[in-house]
Amino acid sequence: MTLSGFVSSFMDKEAAELAAKRFQGVRAVANDLQIKLPTTRTDPEIAHDIVHGMKHHVLLPTNKMQATVSRRLTVPLQPLAA
């Protein structure tokens, strides 16, 4: 059995595979489901939200920290180079 199409999370993809395996007579499952997040945010939008969140966190020295966002992935906060 081949599963194809889109789901909104990894958990949904796994649940579909487990459900398919429960069908009588199914010997193998090819899980070709693709995960498509409900909303896609741009790197600048994510970076803006990080900066906004940092400004409201009283324990972070925001003038000495930086975040990097690339392809919708965030690198952990790093100290600014001296």
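Tabulated values for the structure
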read-out	value
Projected label distance in nm at T42 and A67, using a 7 Å step from Cα toward the beta-carbon	1.7
Qualifying trypsin sites (Lys or Arg not before Pro) for region 1-64 [loop in DSSP, other Cβ within 10 Å: at most 13]	R22, R27, K36, R41
Two-decimal Rg/Rh across region 1-66, once Rg and the Kirkwood Rh are taken from alpha-carbon atoms	1.33
Loop-resident sites, region 1-54, for GluC sites (Glu not before Pro), counting at most 14 other Cβ within 10 Å (DSSP)	none
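None of the figures in this text is laboratory data; all of them are computed from the coordinates on show. Predicted, not measured: the structure shown is a model, and the values here were computed from it. Neighbour counts run over all protein chains shown; Cβ positions are idealised from the backbone, glycine included.
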